[in-house]
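The structure under discussion appears below in the form of structure tokens.
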Amino acid sequence: MEIDPSRTQSMYRTLSGAVVPRPIAWVSTTSEDGVDNLAPYSFFNVVSSAPPTLLFAPGDRPGGYTDTARNAIDTGEFVVNVVDRAMAEAMNATSATLRRGESEFEHAGVEAAPSTRVRPPRVAASPVSFECELTDFVEIGTGNAVFGEVVYAHVDDAVTTDGKLDVTKLDAVGRLAGSYYCTTRDRFRMVRPD
């Protein structure tokens, strides 16, 4: 199969099916009106370690930005929560389209915990949560890139060894394509060449 992006209606399925697995940013925000929002984004990654910066990319919705994007722009704050296998069903439930002003925390029965440096709550059960301050917002076609500097991190001791995050203890969920997901249970090592 050969694909010319200028001659196809959408590259979404090809991109989302080939760029796998993708980590999931379970992003919590708070609107200017005080309504907490929680939504998953699999177009997500680390941009820089100094300053510590994350990126997630919400697409547009009919009528404009997603609630998550709008809240991040309006308040300048958000929290990225890492999803593990135990939380996968709840994460999926928060992807439902709700009316503006409805909280996905309540809709999906997800317990919130207060953050330390930002207003939006974090997901209490998340093994890792990054409190972020918005540093940039870039519109790219039908998507947007939301950049945030990590100003505080919460890491459950259960996923650490000797005070460091241990990837063998963090069973993070990744997104594949369509309704397929994966975990990080199957691992192998390769030494990076000099």
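The values are calculated or read from the model by the stated rules, or taken from the named source; none is laboratory data. It should be emphasised that the depicted structure is a prediction, and the values quoted were computed from it without experimental measurement. Positions of Cβ are generated from backbone atoms using ideal geometry, with glycine treated the same way; all protein chains shown enter the neighbour counts. The area values use the complete protein model at the heavy-atom level, side chains included, leaving out ligands, DNA and RNA. Shrake-Rupley method; radii C 1.70, N 1.55, O 1.52, S 1.80 Å.
Summary table below
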item: Radius 13 Å from Cβ of Gly101, net charge of other residues (Lys, Arg +1; Asp, Glu -1); result: -4
item: For the stretch 55-91 and the stretch 152-192, distance of Cα centres in Å; result: 20
item: About the Cα centre, charge dipole magnitude for the chain (Lys/Arg +1, Asp/Glu -1 at Cβ), debye; result: 600
item: Accessible area per residue, Å², the chain with all protein chains present, probe 1.4 Å; result: 60
item: Probe 1.4 Å, all protein chains present, accessible-area order of Cys182, Cys132, largest first; result: Cys182, Cys132
item: Estimated distance in nm for a label pair at Arg7 and Ser179, the labels positioned 7 Å out from Cα along Cα-to-Cβ; result: 3.4
item: Computed [θ] at 222 nm, helices only, for the chain once each DSSP H run of length n ≥ 4 contributes -39500 (n - 2.57); result: -3500 deg cm²/dmol
item: For a label point 7 Å along the Cα-to-beta-carbon line of Ala50, residues of the stretch 113-141 with backbone N under 17 Å; result: none
item: The chain, relative contact order [Cα under 8 Å, separation at least 6], %; result: 24
item: Computed over the stretch 95-189: relative contact order in percent, which uses C-alpha pairs under 8 Å that are six or more apart; result: 15
item: Solution diffusion estimate, µm²/s, Stokes-Einstein, the chain, Kirkwood Rh from C-alpha pairs, 20 °C, viscosity 1.002 mPa s; result: 122
item: Cα convex hull volume per residue for the stretch 28-98 (Å³); result: 104
item: Share of carbon and sulfur in the accessible heavy-atom surface of the stretch 1-127 [1.4 Å probe, %]; result: 49
